[in-house]
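Chemist: My questions all concern the structure below.
The values are calculated or read from the model by the stated rules, or taken from the named source; none is laboratory data. Because the structure is a prediction, the values reported are computed rather than measured. So basically every Cβ, Gly included, is an ideal-geometry build from the backbone, and we count neighbours across all protein chains shown. In case anyone asks, the SASA skips ligands and DNA or RNA and just uses the protein heavy atoms, side chains included. Shrake-Rupley method; radii C 1.70, N 1.55, O 1.52, S 1.80 Å.
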Amino acid sequence: MPERRHRTPSRSVPPPQARDKLAFLLALVPWLLDHDRVSVAEAAAHFQVSEDDIRTSVALVALSGVPGSTSTYQHEDLFDIDWDAFENDDEIAITQHVAIDDAPRLSAREAAALIAGLQYLQSLPENADRANLRALVEKLSHGASAQPSQLAVSGDAESVLLTTVRRAVAEKRRLRFAYLNSRGEREERDVDPLRVESIDADWYLRGWCYLRQALRTFRFDRMSGVELTELPIEHDAAEILLPDTLFEPSEEDLEVTIEAAPEVIGLLADYIPDGALTTQVGERIRTTLRVSHYHGLKRLIAGMPGTVQVVAPEQARRAVAEWASAGLARYA
C-alpha cells in the first residue's frame, strides 16, 4: 500500500466529538456510495468540513465493517476503497461495502414501475423542473437489485388541457367547453373551476356548472373545445363546501346493480348511494351503484377483475362485456 501523504488542514475547525464523528460517518458513507467517485475537495465542500476531516473519515471507513460467522474481521467483512486513487489523485471511491446490501432492495420490475410513475409526475407542467423527482428517478435506477427496464412517459393532448384547467383554477377565470353527457349528448357548459383531481390515470374538474346550477364533476376525456374566458368566477372554492368524495349523485346518474366480493365493497363506497338496498347472494353482496356514464363503469369494473359482476341493466352488462372483449382481442 502506498505511503499516505500528510497535508495541512485547509481550514481550522473545532475538533469533533466521538458522537459527531459517528453521525458524520453515517452521512458520509451513503453519499459516497451514491456518487461512485468524487474528489476530497468535492466531499469537503458538500459537507462543509476541512479536506483533512474527509481524509481522516475515509481512512476510518476502511477500518469499519461487520464481523463474519467467526466473530472476527476478515477482508470481505470490511469496507475498502481505491487506495491508489485516494493517495495519488485525492479521489474517493468505495470498492467494497458491507451490511448495506442486506437491506431489502427493489426488484427490477418494482423499480421500473416506480420510475414510470415518477416520470408521469415529471410530465405534468408543474413538476417539469423539480430536481427532487429527477434525483429520485436516478436513485431508483441505481438502487434496484437489477437494471430496471427502460421506460418513458410522454405528454399528450390531455397535458395541454390540464395546463389550461389549472391555469383557470389559479387565475379564478371561468371555463367554457363542450361536454359529452351520460346520454351521449354534447352540451355547452360554462363552469367556475374549483379543483382538479385525479383517480389513477383519469383527470377530473370539479366546478360550479351554470347550466345545471350546481356542483358537477367533469371528466377530461369528455371535454372538448375548452376555452379560458376573461370572465371572473362567481363561485369560489373557499365559499363552497366541496364534498370529500369525488362523485356526487345527481338526477342524471345511471343506476347499475352489481354483485361484489365483500372485500371490495369498501372500494365502491363512493358509488353506492345512501340507503341503497344491500343483500347477500351466496358469497357475494348485491347492491346498487350510481355512475354518470357507462364509460366510467367499464373502467371501474375492469379495475376489480373477478370480484365484481354487473347484473343489470342489460345495457350496462353489454357495455362492460364489449369493452372487456375488445381488450382481450388486443392480446390475440
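Chemist: Over the heavy atoms of residue 134, what accessible area does a 1.4 Å probe trace out, to the nearest 10 Å²?
Modeler: 120
Chemist: Report the calculated FRET efficiency for residue 231 and residue 269 (r = Cβ-Cβ distance, R0 = 35 Å), to the nearest 0.05. Numbers along the way, then the final one.
Modeler: On the way: r = 37 Å, r/R0 = 1.05.
E(calc), rounded to 0.05, equals 0.45.
Chemist: How much of the accessible area of the stretch 201-311, probe 1.4 Å, is carbon plus sulfur, in whole percent?
Modeler: The C+S portion of the solvent-accessible surface of the stretch 201-311 is 51 percent.
Chemist: So what is the relative contact order for the stretch 173-226, in percent, with contacts set as C-alpha pairs under 8 Å and at least six apart? The partial results should precede the final answer.
Modeler: Working: 104 pairs, mean separation 18.4, N = 54.
After rounding, I find 34 percent.
Chemist: So, for the stretch 251-306, what is the accessible surface per residue at a probe of 1.4 Å, expressed in square angstrom?
Modeler: Normalised by residue count, the accessible surface of the stretch 251-306 is 55 Å².
Chemist: Work out the FRET efficiency for residue 82 and residue 116 from their Cβ-Cβ distance, taking R0 = 41 Å, and round it to the nearest 0.05.
Modeler: Given R0 = 41 Å and the Cβ-Cβ separation, E is 0.70.
Chemist: Let me ask you something else. If you take the beta carbon distance between residue 138 and residue 170 as r and set R0 to 35 Å, what does 1/(1 + (r/R0)^6) give as a FRET efficiency, to the nearest 0.05?
Modeler: 0.70
Chemist: Turning to a different aspect of this structure: Within the stretch 205-220, name every residue whose backbone N is under 19 Å away from a label modeled 7 Å from Cα of residue 238 along the Cβ vector.
Modeler: It comes to 207-208, nothing else.
Chemist: Between residue 197 and residue 314, what is 0.36 nm times their sequence separation minus the Cα-Cα distance? Round to one decimal in nm.
Modeler: Extending this stretch completely gives an extra 39.0 nm.
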